[in-house]
Amino acid sequence: MSEHTAGRSQPTSRVSAVLERVRRFGRSRVGTAMRMNGQIRLGGGIVCLLGLVAVVGPFLTPYDPAAQALETRLQGPSLAHPLGTDSLGRDVATRLVHGARISLALAVAATAVRVVLGTTIGLLAAVSGGLVDTALMRLADIQLAFPGLVLALVIAGALGPSIQNVVIALSVVGWATYARIVRANALAVKERPFVQSARLYGTPKRRIVRRHLLPNVVNPVVVLATLNLGTVVLAAAGLSFLGLGAQPPTAEWGTMIAGGRDYLRAAPWLITAPGVAIAFTVIGFNLLGDGLRDALDTDHIDDGKRRRT
Amino acid sequence: MSVVLVGVSLITYAFVFLTPGDPAYTILREQQQGPPSDAQVEAFRAEQGLDEPFVVQYASWLGDAVQGDLGISYYRSEPVTSLLLEYLPNTLELALAAVAVSLLLAIPTGVASAVHRDTWIDRTSQIVALTGISMPNFWLGYLLILVCSLWLGLTPVSGAGTLGHLVLPAITLGTGMAAVVTRLVRTSMLEVLDAEYVDTARSKGVRERLVVYKHALRNALIPVVTIVGLQFGFILNGAVIVEVVFQRPGLGTLLVDSIFIRDYPIVQGVVLVTAVAFVVTNQLVDLAYVALDPRIEPGGRGVSANE
């Protein structure tokens, strides 16, 4: 084959290489376990559906989520408004769809910060050992000594109510669990022969961390993060409900429940719809997380040698 | 543990300084509904010790806190400690009732789930547990208010004091925890039912009911005790929201109200008390674990938790 064709086919070959890896993963032991797992299928389906709604939904809704129409306020479900209207005449279904985007974006952002922060601190503690290790783990103990939501509440309150501050508050609160798990797994892997020999070879520390320690802590982190996404959705909705998160007129699920509580008897759909949406989302993440835990066999993550020896 | 407690107190105290802007100015502006004069700000700073360096402020606050003096509320001009003591019983009452509700729901369900493993009983209870974990508790609270108070008229909508006031909040708070405990009872029972002494009991001709509830359950409950203790933090988290939903005067409502009006001494007091209570409970759980299961060496478990 001439250089010319090789150069041109490079992007395609990269895509097909990725596809090939995905296909091979699908047929591997773990991949098969994942495909056969009912919880992963159902949970993954729910999460994909929600993701789709969050990305595409806001373009398809016929109403403006903030547009008030006082002449049609507190209307029950009808053809024009399938989930009714709220106290300012806004379409509940539209607001629900827009809320999906906020809830998911917030959950993903807060969980991502937790993962990066926790993994970095955990790896740093495991690799450094000694005083650095002790100090970082004490810091984790201190974070875990606060009941999570109480701490998040106070941080969000001190910084001032906004979605951004909710992300900050929920990230500060959640990193320690990751740090502990990553550290424990990294310490276990560190003593295994292949890492020992890599060290004897004179492999730089950074390379050992990147090539040997990091890949071996991915599974528990993925499982924890998936379950965490559900928790974060709940916590963020709770903070917004209390008035410390998204501010009206933003269409956020927790805020919507807070706005509907005064019309509990007259318009019960106002709290029902966002409540079901939150529960549905969290169920999706929990199913997916539980399924991943089973499929990835995370309980035995630090003796993953069974494939190699 | 002492390092943790000092860290907890330091972070609790430092919250004030997270707020953008000058705390003295912010507080005075909210207190008198208008911008304060420079002299007022100066006077307030001197009065509250806010002009001292951070370390000095923290040291004097901690010194007082250890002696049970958490300062005076900016707005209510009452000592924080007496406010806490006034609100604490309502929260404790709610927490205990919620634990009771969760155990009453979770133990029979978890046992039934394990005994009838992989039957419809097991599957139903697992689905219910999953839903219980995934529901926002403030939403559940409003649904209960809607059905039990507004439609059926069985219970009062909000407030505290009587048993009727306690039922709905306890159910709301207990359900989420019940879901977690059910799963744990199930796992723990499954493990114990496989043990040889259970087979021995069966082969001796002990009735199945007795095998399950006496021989198996007693041992299966050991890890459950731990989790119930560790769920204390979960209860404190949940209590904040549940108290707001039912407008119960408790530490949660006190905390949320104080956060909004920036009544820092109260915020610091509530956070410090809940965090210390949380840390102490976790230590007690460790001790209870040792007492319940003589096979465990004191401190043996602590290694994995604190290493």
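Computed values, structure above
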| item | result |
| --- | --- |
| Test: residue A:115 is within 25 Å of residue A:285 (Cα to Cα) and either in contact with a Pro (Cβ under 9 Å, 6 or more places away or on another chain) or hydrophobic (A, V, I, L, M, F, W, C) (or both) | yes |
| Identity of the residue in region B:119-144, over 22 Å from residue A:242 (Cα atoms) and within 13 Å of another protein chain (Cβ to nearest Cβ), that ends up surrounded by the most Cβ atoms within 10 Å (Cβ to Cβ) | B:129 |
| Residue match in region B:1-20 (condition: under 30 Å from residue B:228 (Cβ atoms) and either more than 14 Å from chain A (Cβ to nearest Cβ) or aromatic (Phe, Trp, Tyr) (or both)) | yes |
| Test result for residue A:230, within 17 Å of residue B:143 (Cα to Cα) and surrounded by 24 or more Cβ atoms within 10 Å (Cβ to Cβ) | no |
| Criterion: in contact (Cβ under 8 Å) with a residue 24 or more places away in the chain, under 19 Å from the mean Cα position of the chain (by Cα) and facing chain A (nearest Cβ under 10 Å) - qualifying residue of B:225, B:245, B:240 | B:245 |
| Number of the condition not met by residue B:118 [criteria: (1) assigned to a loop (DSSP other than H, G, I, E, B); (2) more than 18 Å from residue B:191 (Cα to Cα)] | (2) |
| Close pairs (9 angstrom Cβ cut-off, 6 or more residues apart or separate chains): buried (at least 17 other Cβ atoms within 10 Å of the Cβ) in region A:130-141, of a type in the set (Lys, Arg) anywhere | A:133/A:183; A:136/A:183; A:137/A:180; A:137/A:183; A:140/A:180; A:140/A:183 |
| In region B:145-160, the residues that are in a helix (DSSP H, G or I), away from every other protein chain (no Cβ under 11 Å) and crowded, with 20+ Cβ neighbours inside 10 Å | none |
| Residue match in region B:72-94 (condition: in contact with a Lys or Arg (Cβ under 7 Å, 6 or more places away or on another chain) and within 14 Å of chain A (Cβ to nearest Cβ)) | no |
| Test result for residue B:170, buried (at least 22 other Cβ atoms within 10 Å of the Cβ) and more than 18 Å from the chain's Cα centre (by Cα) | no |
| Boolean, residue B:200 is on the phi < 0 side of the Ramachandran plot, in a helix (DSSP H, G or I) and in contact (Cβ under 8 Å) with a residue 40 or more places away in the chain | no |
| Qualifying residue in region B:92-110 (condition: under 30 Å from residue B:269 (Cα atoms), part of a strand (DSSP E or B) and not hydrophobic (A, V, I, L, M, F, W, C)) | no |
| Within region A:73-161, helices (runs of 4 or more DSSP H) holding 1 or more residues that are closer than 20 Å to residue A:277 by Cα and touching a His at 6+ places or on another chain (Cβ under 8 Å) | A:92-128 |
| Complete set of residues in region A:20-60 that are closer than 19 Å to residue A:280 by Cβ and among the basic types (Lys, Arg) | A:41 |
| Conditions (1) loosely packed, with under 15 Cβ neighbours inside 10 Å; (2) more than 31 Å from the chain's Cα centre (by Cα); number of the one not met by residue B:201 | (1) |
| Residue within region B:62-81 that is assigned to a helix (DSSP H, G or I), modelled with pLDDT under 80 and more than 23 Å from residue A:155 (Cα to Cα) present | no |
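Each row is one residue, and each column tells you yes or no for (1) without any contact (Cβ under 8 Å) to a residue 12 or more places away in the chain; (2) under 30 Å from residue A:284 (Cα atoms); (3) charged (D, E, K, R).
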site: B:56; (1), (2), (3): yes, no, no
site: B:73; (1), (2), (3): no, no, no
site: B:81; (1), (2), (3): no, no, no
site: B:102; (1), (2), (3): no, yes, no
site: B:116; (1), (2), (3): yes, yes, no
site: B:136; (1), (2), (3): yes, yes, no
site: B:139; (1), (2), (3): yes, yes, no
site: B:144; (1), (2), (3): no, yes, no
site: B:150; (1), (2), (3): yes, no, no
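Quick grid of which residues meet (1) more than 30 Å from residue A:282 (Cα to Cα); (2) of a type in the set (Gly, Ala, Ser):
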{"position": "A:199", "(1), (2)": "yes, no"}
{"position": "A:219", "(1), (2)": "no, no"}
{"position": "A:224", "(1), (2)": "no, no"}
{"position": "A:231", "(1), (2)": "no, no"}
{"position": "A:238", "(1), (2)": "no, yes"}
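Residues checked against (1) within 13 Å of another protein chain (Cβ to nearest Cβ); (2) over 24 Å from residue A:133 (Cβ atoms); (3) touching a Cys at 6+ places or on another chain (Cβ under 7 Å); (4) without any contact (Cβ under 8 Å) to a residue 24 or more places away in the chain:
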{"residue": "A:156", "(1), (2), (3), (4)": "yes, yes, no, no"}
{"residue": "A:176", "(1), (2), (3), (4)": "yes, no, no, no"}
{"residue": "A:193", "(1), (2), (3), (4)": "no, no, no, yes"}
{"residue": "A:206", "(1), (2), (3), (4)": "no, no, no, yes"}
{"residue": "A:210", "(1), (2), (3), (4)": "no, no, no, yes"}
{"residue": "A:216", "(1), (2), (3), (4)": "no, no, no, no"}
{"residue": "A:225", "(1), (2), (3), (4)": "no, no, no, no"}
{"residue": "A:239", "(1), (2), (3), (4)": "yes, yes, no, no"}
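The values are calculated or read from the model by the stated rules, or taken from the named source; none is laboratory data. Given the structure is predicted, the values throughout are model-derived calculations rather than measurements. We place every Cβ from the backbone using ideal geometry, glycine too, and count neighbours over all the protein chains shown.
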